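Inspection log for the structure reproduced underneath, given as structure tokens.
The values are calculated or read from the model by the stated rules, or taken from the named source; none is laboratory data. Computed from a predicted model, the values in this text were never measured in an experiment. When we count neighbours, we look across all protein chains shown, and the Cβ atoms used for this are built from the backbone with ideal geometry, even at glycine. Side chains are part of the model used for accessible areas, which takes the heavy atoms of the whole protein and leaves out ligands, DNA and RNA. Shrake-Rupley method; radii C 1.70, N 1.55, O 1.52, S 1.80 Å.
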Amino acid sequence: MTRKLTPPRPRRRLRAISLATLTAVVLAGGVAATTAQAAGSTLQAAASESGRYFGTAIAGHKLSDSQYTTIANREFNMVTAENEMKLDATEPNQNQFNFSAGDQIVSWARSNGKQVRGHTLAWHSQQPGWMQNMSGSALRNAMLNHVTQVATHYRGQIHSWDVVNEAFADGSSGARRDSNLQRTGNDWIEAAFRAARAADPNAKLCYNDYNTDNWSHAKTQAVYNMVRDFKARGVPIDCVGFQAHFNSGNPVPNNYHETLGNFAALGVDVQITELDIAGSGTSQAEQYRGIVQACLAVARCTGISVWGVRDSDSWRAGDTPLLFDGNGNKKAAYHYTLDALNAGGGTNPDPDPSDGCTVTVTRSNEWSDRFNVSLAVSGSSAWRVAIQLHGGQTLQNSWNATVSGTSGTLTATPNGAGDNFGITVYRNGNSNLPTATCSVP
């Protein structure tokens, strides 16, 4: 994580889960669940229902705070060391490594059944003084040695490594950040990933950055092009981390789910790695819900981590950006996040093949007051689809099918236009994706 706030960010979307049967549903994350399953009562339990994790950053010096550890242990199943695995902490003097602080985090996580994200192996910031004063091939070799030694020490204990952090510049240039590491040669990121793979072959290897949330931004496109190039050339990259630091001048963008989906389509996992949103009340809560829905809408969005436990633990404490207040109380943002995790998201077929048809539901265009829903039926040309709207949602429009009803449960039947149809739904305060079931009359 880094000390920065800037350009716009995420939105939302959900998955259709049939309530017609109690049979197994395969969710977007590839994990089996059932419609009879009780809603998760904690963030980690709710996220696990779709095969995802919900994590937090942990600071070693706060592990003696019982309220802090109680919340962290109850709610989260992925842990990121806040500062304890960074370059200055792990190699304060060249070739003299100190893993004690990082080991403390890993030990706490593993003893409580958590997984660990490693953060971070190569970064222009928080370098120890000796590294800041190096350049050229000496710096390149020192960086690669650092990657190798740290990843080797934690080999087999890390779920995902942020191998390289924040290597692209802000603004409209789409250029790499000018740093001492970049000046060792444009292939330094590739070299770091190859060294990490050799040192810890089973860990997921991620590129992690901020201000890459809006699909239209030059920085987002630059990172996308690098990942696409790496995948084409066989450079070992498994995931992309989106830090997701938001504030009033830099809110969650409407196209966030598009950004996640486009990166995932390259064949990498996407992870929301350092989430925090300045604000309070319903506005903050809605943005948290939108981010969860965006992740759930993308099968390869494997998890979400918030950057801290309570507001008072945040590097932006004055912005009250987290899910728990300074006294450890659950905020509106917590409840919206939990509800979104339990509601589900993404695209799932009706799970009961005995009905003779299946329907897949996806979110498409969105506006401030409404959004489009696309439905695709397979298995039969004669079908009836029951569409369940949520809360105060109402139907505005439909196409390519005959749709009856305006709220609650809608019924759709073929009108000769084929088996793909759609509806426009007024949100009326509820952005959840409608669910649907299909049957043959």
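Data for the structure
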| item | result |
| --- | --- |
| Residue count, region 220-241 (criterion: under 18 Å from His257 (Cβ atoms) and of a type outside the set (A, V, I, L, M, F, W, C)) | 4 |
| Considering residues of region 40-68 that are surrounded by fewer than 22 Cβ atoms within 10 Å (Cβ to Cβ) and among the hydrophobic types (A, V, I, L, M, F, W, C) only, the residue nearest to Ala297 (Cα to Cα) | Ala45 |
| Answer from Trp161, Trp123, Trp108 - the residue that is closer than 18 Å to Tyr53 by Cα and either buried (at least 20 other Cβ atoms within 10 Å of the Cβ) or not aromatic (Phe, Trp, Tyr) (or both) | Trp161 |
| Some residue of region 182-205 being of a type in the set (Val, Ile, Thr), over 20 Å from the mean Cα position of the chain (by Cα) and open to solvent by 20 Å² or more (accessible area, probe 1.4 Å) | yes |
| Complete set of residues in region 120-139 that are in a helix (DSSP H, G or I) and at positive phi | Gly136 |
| Residue selected from region 367-426 under the condition over 30 Å from the mean Cα position of the chain (by Cα) and charged (D, E, K, R), by the criterion least open to solvent (accessible area, probe 1.4 Å) | Asp419 |
| Leading residue by the ranking (surrounded by the most Cβ atoms within 10 Å (Cβ to Cβ)) among those in region 256-286 that are in contact with a Cys (Cβ under 6 Å, 6 or more places away or on another chain) and of a type outside the set (A, V, I, L, M, F, W, C) | Gln271 |
| Residue count for region 216-235, restricted to those that are in a loop (DSSP other than H, G, I, E, B) and either surrounded by 16 or more Cβ atoms within 10 Å (Cβ to Cβ) or among the hydrophobic types (A, V, I, L, M, F, W, C) (or both) | 2 |
| Residue in region 132-144 that is open to solvent by 40 Å² or more (accessible area, probe 1.4 Å) and within 22 Å of Glu274 (Cβ to Cβ) present | no |
| Residue pairs meeting the criteria (Cβ under 9 Å; at least 6 apart or on separate chains; first under 20 Å from His245 (Cβ atoms), in region 163-179; second open to solvent by 50 Å² or more (accessible area, probe 1.4 Å) and part of a strand (DSSP E or B)) | Ala167/Arg176; Phe168/Arg176; Ala169/Arg176 |
| Pair list, Cβ under 7 Å, 6 or more apart: region 412-433 residue charged (D, E, K, R), other residue open to solvent by 10 Å² or more (accessible area, probe 1.4 Å) | Asp419/Ala376; Asp419/Val377; Asp419/Ser378; Asp419/Ser381; Arg427/Asp369; Arg427/Arg370 |
| Complete set of residues in region 345-366 that are open to solvent by less than 40 Å² (accessible area, probe 1.4 Å) and at pLDDT below 70 | Gly345, Gly346, Asn348, Asp350, Pro351, Asp352 |
| Residue within region 92-112 that is under 30 Å from Asp187 (Cβ atoms), touching a helix residue (DSSP H, G or I) at 6+ places or on another chain (Cβ under 6 Å) and in contact (Cβ under 8 Å) with a residue 60 or more places away in the chain present | no |
| Residues (within 16 Å of Tyr154 (Cα to Cα) and either in a loop (DSSP other than H, G, I, E, B) or open to solvent by 60 Å² or more (accessible area, probe 1.4 Å) (or both)) located in region 83-95 | Asn83, Glu84, Met85, Lys86, Glu91 |
| Filtered residues of region 206-215 (kept if open to solvent by less than 40 Å² (accessible area, probe 1.4 Å) and either over 29 Å from Phe246 (Cα atoms) or not acidic (Asp, Glu) (or both)) | Cys206, Tyr207, Asn208, Tyr210, Asn211, Thr212, Asn214 |
| Filter result (in a helix (DSSP H, G or I), open to solvent by 30 Å² or more (accessible area, probe 1.4 Å) and more than 19 Å from Ile58 (Cβ to Cβ)) within region 296-341 | Gly318, Asp319, Ala332, His335, Tyr336, Asp339 |
| Filter result (under 17 Å from Cys357 (Cβ atoms) and open to solvent by 40 Å² or more (accessible area, probe 1.4 Å)) within region 427-441 | Ser439, Val440, Pro441 |
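Residue by residue, here is whether (1) modelled with pLDDT of 95 or more; (2) over 22 Å from Gly113 (Cα atoms); (3) among the acidic types (Asp, Glu) holds:
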site	(1), (2), (3)
Arg12	no, yes, no
Ala28	no, yes, no
Ala32	no, no, no
Gly40	no, no, no
Gly55	yes, no, no
Ser66	yes, no, no
